[in-house]
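Participant: Pasting a structure here, questions to come.
What follows is calculated from the coordinates using simple rules that are stated; it is not laboratory data. If you're wondering where the values come from, they're calculated on a predicted model, not measured in any experiment. Quick reminder, even Gly has a Cβ in these numbers, built from the backbone with ideal geometry, and neighbours come from all protein chains shown.
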Ligand code: SF4
Ligand code: FES
């Protein structure tokens with residue numbers, strides 16, 4: 001297959017970048033996108049040029065390091081598939097394939113397609129620790145977890161931290177990512193000890209590094225881990241729980257409104273303290 005590969009070339013974070021087009025004449029349909037770049041790099045190096053810088057590690061959809069924009073879509077033409085698992089067969093002979101770095105939020109281009117995504121790491125680090133019992137291994141099933149809650153936690157834990165949701169979002173928001181990270185801990189008993197502090201600090205850090213979600217929902221089809229939009233609702237619900245909890249801590253019992261004044265202030269039951277309501281799967 002013959003492909004015209006248009007690649008963003010930028011020497012470093014301060015340099016001006018631009019597209020350069022290279023002809024690749026011996027691509028095969030079963031090659032991955034990263035193998036196409038490997039082939040291009042081998043040709044560039046053989047000709048005395050500089051190879052295209054791009055991030056990659058596992059090449060099997062686990063590490064989340066390979067993100068790039070392919071013809072304007074995060075990761076490439078196949079939905080919910082990371083760049084390393086995208087195949088050249090998605091293109092036709094003679095096509096142009098335009099490769100650009102992820103942009104959005106605090107992402108900065110380090111070189112060519114390689115991007116500084118440490119903003120995502122800062123969001124995770126700001127969440128701190130989870131309290132884990134040490135010493136002897138606990139008895140099996142001594143921490144009972146609702147089966148549906150455990151399954152939900154596993155679904156959120158599938159987030160590979162690639163940043164495609166940020167790159168896809170017109171606001172550069174990281175709500176899907178942060179929602180998955182908050183959601184996977186909050187659905188298990190082990191993650192509930194530092195629950196309120198964690199959500200407050202993670203949301204604060206997320207807002208420092210990224211834009212704010214206005215429900216474009218562009219993030220969901222771009223996500224290689226198929227994290228559902230529900231993760232954003234999860235984040236908002238947990239944030240509200242944390243605010244209510246903080247208000248309880250801040251307000252001395254005697255200063256809290258009582259009777260009709262309390263009802264006026266808290267509104268009807270659906271606006272009441274979410275702490276007092278069961279989790280959706282427990283209703
Ligand atoms: S939510 Fe999806 S797109 Fe966003 S970082 Fe996680 S895996 Fe990547
Ligand atoms: S290289 Fe690890 S997810 Fe693509």
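Participant: Set the Förster radius R0 to 45 Å, insert the Cβ-Cβ distance between residue 148 and residue 12 as r into 1/(1 + (r/R0)^6), and round the FRET efficiency to 0.05.
Facilitator: Working: r = 48 Å, r/R0 = 1.08.
The value I calculate is 0.40.
Participant: Continuing with this model, one more query. When you count, for each residue, the other Cβ atoms within 10 Å and take the mean per peptide, how do 54-66, 19-31 rank with the highest first? All intermediate terms of the calculation are to be shown ahead of the outcome.
Facilitator: Values: 54-66: 17.6, 19-31: 13.0.
So the order, starting with the most tightly packed, is 54-66, 19-31.
Participant: May I ask you to sort 187, 245, 75 by Cβ crowding, counting other Cβ atoms within 10 Å and putting the fewest first? Each step should come with its number before you reach the end.
Facilitator: Values: 187 24, 245 18, 75 28.
Placing the least packed residue first, the sequence is 245, 187, 75.
Participant: Can you check what the Kirkwood hydrodynamic radius comes to for the chain, Cα pairs only, in Å to one decimal? Intermediate results must be reported in sequence, preceding the final value.
Facilitator: Working: mean 1/r = 0.0471 Å⁻¹.
That comes to 21.2 Å for the chain.
Participant: Compute the length gained on full extension between residue 190 and residue 79: take 0.36 nm times their separation in residues and subtract their Cα-Cα distance, giving the result in nm to one decimal.
Facilitator: Values: separation 111, 0.36 × 111 = 39.96 nm, distance 3.30 nm.
Taking residue 190 through residue 79 to full extension adds about 36.7 nm, to one decimal.
Participant: Mind checking the alpha-carbon convex hull of the range 1-144 and giving the volume per residue in Å³?
Facilitator: Values: hull volume 25.3 nm³, N = 144.
Cα-based convex hull of the range 1-144, divided per residue, equals 175 Å³.
Participant: Can you pull the one-decimal nm distance between simple spin-label points at residue 42 and residue 134, each 7 Å off the Cα toward Cβ?
Facilitator: With each label placed 7 Å out from Cα toward Cβ, I get 5.1 nm.
Participant: So how tilted is helix 195-209 from the main axis of the chain? Cα-based, degrees 0 to 90, rounded to 10.
Facilitator: In the chain, helix 195-209 runs at an angle near 40 degrees to the longest axis.
Participant: Enter the angle in degrees (range 0 to 90, nearest 10) between the Cα long axis of helix 33-46 and the first principal axis of the Cα atoms of the chain, meaning the one along which they spread out most.
Facilitator: 40
Participant: I've got another one for you. Output the 0 to 90 degree angle, nearest 10, between the alpha-carbon long axis of helix 230-250 and the longest principal axis computed from the alpha carbons of the chain.
Facilitator: The helix 230-250 is inclined about 40 degrees to the chain.
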